[in-house]
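Here's the structure we're looking at; comments come further down.
Nothing in this text is a laboratory measurement; each read-out follows from the coordinates by a stated rule. Bear in mind the structure is a predicted one, so any value in this text is a computation, not a measurement. We place every Cβ from the backbone using ideal geometry, glycine too, and count neighbours over all the protein chains shown.
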Amino acid sequence: MVNGQSWRRRGVLASLAGMTAALGAPAIVRAAPSGKPVRVGGTLSLTGFLAQTALVHKIAAEIMVEEINGRNGFLGRPVEYVLLDDQSKPEVARSLYEKLITVDKVDLIQGPYATAPILAAMAVAQRFGKVMIQSSMGIPKLQTYDMAFPATPFGPEPDVTYPNVILDAMATVPTPPKTIVVLTSKFPSAQFMAQGMRTQAEKRGVKVLMYLEYESGNRDFGAIAARVKEANPDFLWVGSLGLESNQLLESLRKLDYTPKNHFHLYPAPGPLALSPDGKNALSSTFFEPAEPFLSRPGVKRIAEEFKTRATKANLPYPIIDGQAAGMVSEWQILEAAVNGANSLEDKAIAAWLKKSKVDTILGLQRFNGPFNHGDASQMVKQVQDTEWKIVWPTQFAAPGAKLIAS
Amino acid sequence: MMMQNAVPKLAAVAAVAVLAYLPGAGMPAFYDSFLYLLFFWISLSTSWALLSGFAGYFSLGHAAFFGVGMYTTGTLAAKFGVPFLATIPAAALLSALLGMGIGAVVFRLKRLRGDLFALLTLAVTFVIATIILNTDIDGGSGVFMSAVPMPQIFGSPSATLYVLGFGICLLTLAIAWKVAHSRLGMGLFAIHDDEDVAEAKGVPTFRYKLFAFGLSAGIAGAVGGIHAMYVGFLTVSETFGLTVPLYVVLMSVLGGSRHWFGPAVGAILIGASLYAFTSGSEAMIGRAIVALMLILAILWLPDGVVPTLLRWFARRRTKAAAPVVALRPAAVESTAPVVNRNIVEIRDVTKSFGGLQALRGVSLDVREGEILGLVGPNGSGKTTLINVISGHFPLTSGSVAVDGVQIGNLPAHEIARRGVARTYQIPRPFANMSVLDNVTLAATFGGPARNAREMRDEALHWITFTNLGGKEEALPADLNLHERKFLELARALAARPKLLLLDEVLSGLNPAEIDNAIRLVRAIRAQGSTIVFVEHLMRAVVELSDRIAVLNEGSLFALGAPREVMSDPRVVSIYLGKAYAA
Amino acid sequence: MPSATLLGQALISGVMAGGMYGLLALGLSLSWGLMRLVNLSHFALAFLAAYITYELGTTYHLAPWWSAALVIPAMFVIGLMQHWVFDRFKVNELASLLITFSFAVIVESGIQLYWTADYRRFENHYSGLSLRAGPFYIPVLELTLCLVAGALAWGTWLWLRKTYVGKALRASAEDADIAAAYGVDHRRLSFLLSGLCAAYAGVAGTFIALIATLAPAQIWSYLGVVFAVVIIGRLGNPLGALFAGMLIGASESLAMAVFSPAWAPVVSFSVLIAILLWDPDWA
């Protein structure tokens, strides 16, 4: 059968099996969730150009659903994740959310991956009054739906707050950068942050030597690399997604140029960390599998489980990252809200979230700010010895890790 | 026969009624959206096929018009607060203007056909996409439509979009049907098969292509405008990606791009299959399975689903009796040749191709009703003269008048409509049209305006006249050379030309066929046509011609009665060399 | 106005990038021009070759030239198999578009099923190497690619012009019936050519594995630009394909050096449109 049926059955079985919790869970005896499953619907871009990150979200979601069912489920009932593929297309995402809500009649929904599908899904959620939690939309001001909630602490104005985080970090090094080149892909979430970086840099007296935009999907970075080399800034900020950072850095290496300090916004973490060009690269993150995050309840277990499954799924970089953690956070928030509001009604869940705080893998989050966003908690990580280590703010830095600057 | 026509019509009416009522039936919103997406693809692929399928001008730029439509609505509605519904006609208009603008430039250039046209439309898409990306229209941040109020028809946004999508879909299909069954469609199909010949038969190719392109673009623009509201967040990469141009081609090819309903069938099949395997666990395999099914479909139905099905049904239908030919003999005046009037006056015509002078000041009069043989050695300019008179090439200088009307530098289709018809040495019938359609087209575009019934009868008359009776439904590929040459004649005659130009009509025929052809040419003249024919076969030239004109190296060398001219030693020498003449 | 060094470097970089376009365009151009088959699966086959090269390189530590020795003949065979389908069903130009597109989707699905959608990089020590020529840097891998592409293009051009087989192929492309009357076995030649085009995809794939990071969706990223290259270079003209590739690569790169890089496609494609309108025979 070629619809969600087989997944449903497998989901239930898996969650029942997962209850044996042989993963180092504390040996507390609980009553297994029972009764009619609570069906949570959502889409991910399992095929198409967004597929590489959606994969990571899927694994994280599967782990969380099992964990939830290993505890109390939702109000004592097992949870079943009805997952569909939106093929990286917003119009498909829209129609599939309509299908999940009006045909499959799921009880709750979870958000998809990436800004465009999220906006499409959000419109549907709004029409049907469903609460929607999402973890990967980088432009908070577009989240205009009152019952949409972020699972990732971008804060309401990341284009103002985050550049200052970066600049704060760079201000602590022996020779803080005086010049900056801002490159960005013309992908909405990247360009948004790049414009913020430019503005904030200028405000803080860092000279913006060059601000360049390239179309997302650009293949040839040779000319751009040549321009960067010629400008030779103290700090190179790249609003990149996916592989663009690797391509740019390789192009720079071909010109025998290593940028002094380079920051990459949303690169694919694995390829950049493992590449010889990625040495000391800086990037944005909300989470890394190290202290102090591992001490948060359940995180160690989740990180290990993620590694196991990702390796089994043949992923070249099986380490849990910020994207996966975002998905984990989504489910943590939903679980907390359902149990906290003691209800599966969307309005009740939304109301509870607005007045509560949830302890998530990404920290304690609140949802009563503008666009339902709470405090910003975006951090800076750096590649050190082919591993990502958080270096700023220092209270979240990996033990012994310091920002390496040149 | 009545039953067979009635059933599909009834089915169509029923389908339309059901689909129109559906949104009011309170179905889950998903079905509204799913059907909307099908309507979306039907409209896009059918509009693409209007030019690219019918006329064969393969466009890879459908995304440009679709995108312009999307961003017109996006900009007007989100940035300027124009009500959504009002933006749709604006979107259609802007896209249509863009299409016609491109066409106005591109269609004038004969050499921009085939793959070059595909490239040009692709390049235009990239240019427009980049401009929109880099200016305030999008600027890279996308256009967010959430603040635009959605008109409420049938009480829900998805139903509203459904109704709009359905409306455009019906309109598009109606337009496609109308075009396919009109003169415009006939002309487009002819352009597809052989544009030069279509032009020579009187089809105003430039105007028709321009109109089809504008129509195609306008529909795509309207579809885009509506889709802007569906998607809700416009980005350049989504809008101008290769998905739209590629999928409309695939859908049209699958369904049959020459049939008005073909792309719709392809759109339904492919559009529905996109949803067949959306479950998370089977996404990848599902795509592969759908792709495999597409391969199998096109291998077994190479011309597309609709044409193959139609052929299958046609064969299954019991063979009806030979088509009832209501053969009212077309009113043909068989006046005796009026010898004293010049029907064609050629004055000092020169034609150069770059440095090569093919015609050097030829002056010639052709008397009404005569048969004038045009002979000369290879390269003397005979075919060039024919091409210049018929308008295939513009003349470099001089003048040509037919029946008192200057036709000098008119486009070929205008010349055809002023009573000049020609045949081609190597027959060039419209390969995908039946014999009857070939001849009917010539009657439609070359002759005086009549209704469809009369033109069909005219065509049948000439088919019988040229001994092709019984082969009306055959395709040219099924005919032998002799028959194809006579098809050329039938086509030329169906336009009731004042002047008939025959280009080596006898070449390749055996002696019996030659005699047949000679008889036919005489019969044609008896009907009142004037004939100028180029020929190498001397005995036929001498037998048929009232006068012979000899060309040599682009100039008129000799002109007179056959026997005189052919025994003139100068004429003999240019063919065989001076020694022979002596 | 950018410095001469910058412009020169941009030009070099663009020509190198164009070499890849030209190499990809080669197979597509030949099959479209000489056999009227628009093979959209060419890109998918190139990436399949790339992934196999990656697999052989990372799991079995096979050097790229050894894997090429395995992969390229394998691609040739796949080309033969593909052509068997075209031949058996007498596929026409439009149908070939649909069939090869579907085949590409199948290959992409297979790649994603086995290697997942996640990025894979065949780390090799050639990828950062450059030669220095004055103030300019010429990346070694790309240079090799351009030389190989040039050799293949030139060799193919010679083969088509000078050998019997080549001339026979061109004759068949112009008029298969007449050529057959002269004894040209169109069918066997077409098989050969299909295999060759697929082999060229294999060559491209080897370089893609070395130069780029792989993801299944990347298969489609070359479609638009290579299509343009094929048409500008004239169908069936191997040297034209290469030259057109380098021209587009260079014009885009120079535009990125002078203007905002996001404007680059406007510049290169506007130039293209202008050329087409003014005189397409130039190409």
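With contributions of -39500 (n - 2.57) from each DSSP H run of at least four residues, the per-residue ellipticity at 222 nm computed over chain B stands at -17500 deg cm²/dmol. Region C:103-133 and region A:172-229 have Cα centres separated by 27 Å.
Over region C:36-192, the ratio between the Cα radius of gyration and 2.2 N^0.38 Å evaluates to 1.28. In terms of the Cα gyration tensor, with a ≥ b ≥ c the square roots of its eigenvalues, is chain C rounded because a/c is under 1.5, prolate because a/b exceeds b/c, or oblate? Judged from the Cα gyration tensor, chain C comes out oblate (a/c at least 1.5, b/c at or above a/b). To the nearest Å, what is the center-to-center distance of region A:84-129 and region B:93-144, using C-alpha atoms only? That distance is 32 Å. With respect to chain A, whose longest principal axis is taken over its alpha-carbon atoms, helix A:244-254 is tilted by about 30°.
Only helical runs count toward this figure. For chain C, summing -39,500 (n - 2.57) over DSSP H runs of n ≥ 4 and dividing by all residues gives -25500 deg cm²/dmol at 222 nm. Here the residues A:L282, C:L189, ranked from fewest to most Cβ neighbours within 10 Å of their Cβ, fall in the order C:L189, A:L282.
For the protein assembly as shown, the share of DSSP beta bridges that are antiparallel, to the nearest 5, is 45%.
Membrane-span-like helices in chain C, defined here as complete DSSP H runs extending at least 20 Å along the helix axis by their C-alpha atoms with mean Kyte-Doolittle hydropathy no lower than -0.5, are C:4-35, C:41-59, C:64-88, C:93-115, C:140-162, C:186-211, C:238-258, C:264-278; this is a sequence and geometry rule, not a statement about a membrane.
With a simple spin-label model that places each label point 7 Å from the Cα along the Cα-to-Cβ direction, the separation between B:N480 and A:E291 comes to 9.8 nm.
With each label modelled as a point 7 angstrom along the Cα→C-beta vector, the A:T308-B:S363 pair spans 10.4 nm. Overall shape: oblate for region B:357-422, with the ratio a/c of the largest to smallest alpha carbon gyration tensor axis at 1.5 or above and b/c at least equal to a/b.
Using only the alpha-carbon atoms, how far is helix A:115-128 inclined from the longest principal axis of chain A? Give it as 0 to 90 degrees, nearest 10. So the helix axis and the longest Cα principal axis differ by about 30 degrees. Per-residue shielding of B:119-129, expressed as the average number of other chain Cβ atoms within 10 Å of the residue Cβ, stands at 6. Each Lys and Arg adds +1 at its Cβ and each Asp and Glu adds -1 at its Cβ; summed about the Cα centre, region C:20-220 shows a dipole of about 360 debye. Taking chain C as a Gaussian network of alpha-carbon nodes connected by springs under 10 Å, the highest mean-square fluctuation of the residues C:I111, C:I273, C:I52 belongs to C:I273. Going 7 Å from the Cα of C:R170 toward and past its Cβ, which residues in region C:209-238 have a backbone nitrogen under 11 Å from where you end up? So the set is C:237-238. Ordering B:I219, B:I514 from the fewest to the most neighbouring beta carbons within 10 Å gives B:I514, B:I219.
Would you mind getting me the FRET efficiency between C:E123 and C:W84? Use the beta-carbon distance for r and R0 = 45 Å, nearest 0.05. After rounding, the FRET efficiency stands at 0.75.
Which FRET efficiency value, to the nearest 0.05, do you get for C:N92 and A:R204 by plugging their Cβ-Cβ distance into 1/(1 + (r/R0)^6) with R0 = 60 Å? Efficiency, rounded to the nearest 0.05: 0.40. The helix-only estimate of mean residue ellipticity at 222 nm for chain A, built from DSSP H runs of length n ≥ 4 each weighted as -39500 (n - 2.57), is -12500 deg cm²/dmol after division by the residue total. When B:R311, B:R258 are sorted by how many other C-beta atoms sit within 10 angstrom of their C-beta, beginning with the fewest, the order is B:R311, B:R258.
The simple Förster model, with R0 at 60 Å and r as the Cβ-Cβ distance, assigns B:S567 and A:V160 a FRET efficiency of 0.05.
Given chain B, what percent of its DSSP beta bridges are antiparallel, to the nearest 5? Percentage antiparallel, nearest 5: 60. Between B:N451 and B:F80, the distance separating the two model label sites (each 7 Å from Cα on the Cα→Cβ line) works out to 4.7 nm. Angle check, please: helix B:115-134 long axis (alpha carbons) against the longest principal axis of chain B (alpha carbons), in degrees 0 to 90, nearest 10. Approximately 30 degrees, to the nearest ten.
What is the antiparallel percent of DSSP beta bridges lying wholly in region B:342-581, to the nearest 5?
55 percent
Across region B:38-109, Cα pairs under 8 Å and at least six residues apart give a relative contact order of 25 percent.
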